[in-house]
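Report on one structure; see the data block that follows.
The values are calculated or read from the model by the stated rules, or taken from the named source; none is laboratory data. All values derive from a computational prediction rather than experimental measurement. Don't worry about glycine lacking a Cβ; one is built from the backbone with ideal geometry, like all the others, and counts go over all protein chains shown. For accessibility, only protein heavy atoms count, side chains too; no ligands or nucleic acids. Shrake-Rupley method; radii C 1.70, N 1.55, O 1.52, S 1.80 Å.
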Number of protein chains: 2
Amino acid sequence: MRNVYVAGVGMTRFGRLEGMELRSLGAEACREAILDSGIDRSRIESAFVGTAFPGHFTRQECAVGQLVLRQLGITGIPVMRVENACASGSSALREAWISVASGLVDVALAFGVEKLSNVPTSEVMSIFSYASDYEAEGSAGIIFPGVFAMIAQAYMHEYGVRPEQLAEVSVKNHRHGFENPRAQRKLLLTVEDVQKAKMVCDPLTSMHCCPISDGAAAVVLVSESVAREVGRGQIRLAAVGLATGDYDAERPLTTFPSTRRAAEQAYRLAGVGPEDIKVAEVHDCFSVAELVHLEDLGFCERGDAAKVTSQGETTIGGRLPVNTSGGLLSKGHPVGATGIAQVVELTEQLRGHSGPRQVEGANVGLAMCMGGFMFGDGCAATVTILHR
Amino acid sequence: MRNVYVAGVGMTRFGRLEGMELRSLGAEACREAILDSGIDRSRIESAFVGTAFPGHFTRQECAVGQLVLRQLGITGIPVMRVENACASGSSALREAWISVASGLVDVALAFGVEKLSNVPTSEVMSIFSYASDYEAEGSAGIIFPGVFAMIAQAYMHEYGVRPEQLAEVSVKNHRHGFENPRAQRKLLLTVEDVQKAKMVCDPLTSMHCCPISDGAAAVVLVSESVAREVGRGQIRLAAVGLATGDYDAERPLTTFPSTRRAAEQAYRLAGVGPEDIKVAEVHDCFSVAELVHLEDLGFCERGDAAKVTSQGETTIGGRLPVNTSGGLLSKGHPVGATGIAQVVELTEQLRGHSGPRQVEGANVGLAMCMGGFMFGDGCAATVTILHR
């Protein structure tokens, strides 16, 4: 396995982007990433697109990557779609990483794109339930907010945590996202604002839940020789761990085996531990998810994440700033784009280009994504580690 | 890049398989491949599933691989879906191949699965058009049989070929498939039978078109050290080439740039040429497709494929037997499974286990798959080469 470097990153604004379709969103993000890399587009040897539900929202089920790249005059090269529900983007990144690390190619493009805002919210929730064990869960009416409300109830019960403490995750991430020009929900919220928002599924109000978003993000990965040639050897993509769950109905709901496994894999491959991470993007599709992931990633003891959050440790300026981009809660969650957008944020942090959101001394970053649900665990979890 | 070996293969029967759902089909093929490999299932380190339209037929859009593997008690490992329309299975195979070749894992499982027969044919055709440039083609009513009828008309016009000559492809492949217990359409046809079948899109009757199928296929890939340990070092997966088209509306319809590129890539990586291939599985979704692919793969000159077919060169016993399994026309075409099923056939041929369909002296095999369509070319073409 060869060393792999992040040569360029790009992303669109996230939000309900009227008039922006799959192909134009994808093209904007890829164009920006390629320009940022300093590499001519003719040198891209392979491309991977992460997108989860394109056919259900736009009828463009297949060929999404090919259509995006054609906009940029990139044709002929190997292109494929990678899908792993909300971890589609990070799974595509994993394949791009392995393709360069293997020696097969020197320059690979990974991007993620999703268009969701053209469909009513209730229908979006039905379509998202196609990312469960549909026969056992989705068809019985179990949808994402319900699953994470159950997890929140279990978490509060097990550790004596109050809903107001969950709300602090949302307050923090919105405060971070307020400074991010690409974020969808730019709001300065109080705990009371979060708690008084429309109830979705007790204890989760709408401000505990990420919004429905359109958007795209892209990253150009290169081998060491190309990185040196173009002067982009600063940020190394050290590892992308990927794991699935146990799907054991008897296990506690307050921990995700898939996250723990993906983290172990990524830490091992990257040769670092949780104590080395200086900035993290963590899959906060719902406020409670960030808390559980922080524990499964080894950033604090089980049951301590709410306390750690209250103490400001995960805020910019704290011990380990988490979701400096605003996270899914504020920045938005265009499903297939999310895992790549996390890497865009980390790359900018490690380059020292994050402006008011900059984390001082950020030299190792971690991104964590979770896709789908089955018996309260993710169908896929990814952990990506970047090293300056 | 390390050497990679095919340790085990498995597949279900193809057809309209009532009562067999995605997860049971996938599990049957994977179980057979794992048993065939002689490797304990606990040693599988990574899995890739190729499936193109699961959500539109079954509402199980995501987590297909995880659900299949859970049936076999395989949980926790990295799993992802790879999609490239009708080349989804072979694209999944490519990722499994690279994951072992890179040194990341020693044992990887690639499988493909599709369930299509539970939806009426007209609706199937609409859904399949989500594999075109939907905005420009699918939404205008352009569907697969229409595209390949245009290609057939252009081919006949350019080379002075008659519809009866196209029909000979179907006659041959059905004759081969008649001896394949897993084939869907076991018919001994004459050219007249093919020409008198129901017209679908002139000049293509239903017997020029592959049927709608359910099915699954799986392959276990291993590194050299594992291959030696379990005595499965006979069949090497030398390369999986993948390419896309030019999407140039001005180019001739009688050649597929995507196929040519994928072939060049695979020949180069495998260090062989078309003259070395002793048996081939070629994407005959429609009779004319086999002819064009034979030329683009370098097996004969442009315009000569109909003649070569008439002369029996591509029949079992001929110079280069093509689609000994029956091909898509007779064996069937459960989209995501097709690219993997081609490799099942080649592996059995290279092992000398193909019974009445055995090709004497088969030591190098080639499989070619095409996915989607855009301006009369494939959105993706793959060429896989196996070496004994």
Scan region B:230-259 residue by residue and report those that are more than 22 Å from A:Ser99 (Cα to Cα) and within 10 Å of chain A (Cβ to nearest Cβ).
B:Asp246, B:Tyr247, B:Asp248, B:Pro257
If only one of B:Gly336, B:Gly371, B:Gly376, B:Gly326 is touching a Leu at 6+ places or on another chain (Cβ under 6 Å), over 23 Å from B:Gly233 (Cβ atoms) and of a type outside the set (S, T, N, Q), which one is it?
B:Gly376
Within region A:202-230, track down each residue that is part of a strand (DSSP E or B) and without any contact (Cβ under 8 Å) to a residue 60 or more places away in the chain.
A:Thr205
Just one of (1) more than 14 Å from chain B (Cβ to nearest Cβ); (2) touching a helix residue (DSSP H, G or I) at 6+ places or on another chain (Cβ under 6 Å) trips up A:Val68, so point out which.
(1)
Quick check on region A:76-96: of everything there that is facing another protein chain (nearest Cβ under 7 Å) and among the polar types (S, T, N, Q), which residue is nearest to A:Ala227 (Cα to Cα)?
A:Ser91
If the requirement is being more than 24 Å from A:Gly10 (Cα to Cα) and small (Gly, Ala, Ser), which of these qualifies: A:Gly138, A:Gly50, A:Gly73?
A:Gly138
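Residue check: is B:Ala152 in a strand (DSSP E or B), within 30 Å of A:Leu67 (Cβ to Cβ), modelled with pLDDT of 95 or more and in contact with a helix residue (DSSP H, G or I) (Cβ under 6 Å, 6 or more places away or on another chain)?
no
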Would you check if A:Ser99 is open to solvent by less than 10 Å² (accessible area, probe 1.4 Å), more than 16 Å from the chain's Cα centre (by Cα) and facing chain B (nearest Cβ under 7 Å)?
yes
Filter result for B:Leu204 (over 30 Å from B:Arg2 (Cβ atoms) and open to solvent by less than 40 Å² (accessible area, probe 1.4 Å)):
yes
Across region B:58-87, what is the number of residues that are touching a residue at least 12 places away in the same chain (Cβ under 8 Å), surrounded by fewer than 22 Cβ atoms within 10 Å (Cβ to Cβ) and closer than 15 Å to A:Ser139 by Cα?
1
Take A:Val147 and tell me if it is in a helix (DSSP H, G or I), β-branched (Val, Ile, Thr) and under 18 Å from A:Asp284 (Cβ atoms).
yes
Yes or no: B:Leu386 open to solvent by less than 10 Å² (accessible area, probe 1.4 Å) and more than 27 Å from A:Arg81 (Cβ to Cβ)?
no
Looking at this structure, is B:Gly233 touching a residue at least 60 places away in the same chain (Cβ under 8 Å) and more than 22 Å from the chain's Cα centre (by Cα)?
yes
Tell me whether region A:150-158 contains one or more residues that are small (Gly, Ala, Ser), buried (at least 23 other Cβ atoms within 10 Å of the Cβ) and either within 23 Å of the chain's Cα centre (by Cα) or under 26 Å from A:Leu253 (Cα atoms) (or both).
yes
Pairs returned, first residue in region A:354-375 that is within 14 Å of chain B (Cβ to nearest Cβ) and assigned to a loop (DSSP other than H, G, I, E, B), second residue that is surrounded by fewer than 20 Cβ atoms within 10 Å (Cβ to Cβ) and at pLDDT 95 or above, beta-carbon separation under 6 angstrom, 6 or more apart or interchain, are none
Restricting attention to region A:33-44, and to residues there that are open to solvent by 70 Å² or more (accessible area, probe 1.4 Å) and closer than 14 Å to A:Leu221 by Cα, which single residue is farthest from the other protein chains (Cβ to nearest Cβ)?
A:Leu35
Would a scan of region A:113-133 turn up a residue that is aliphatic (A, V, I, L, M), open to solvent by 10 Å² or more (accessible area, probe 1.4 Å), closer than 30 Å to B:Glu21 by Cβ and without any contact (Cβ under 8 Å) to a residue 24 or more places away in the chain?
yes
Give just the number: which of (1) open to solvent by less than 40 Å² (accessible area, probe 1.4 Å); (2) within 11 Å of chain A (Cβ to nearest Cβ) does B:Leu25 not satisfy?
(2)
Look at region B:120-175 and say how many of its residues are polar (S, T, N, Q) and within 17 Å of B:Gly371 (Cα to Cα).
3
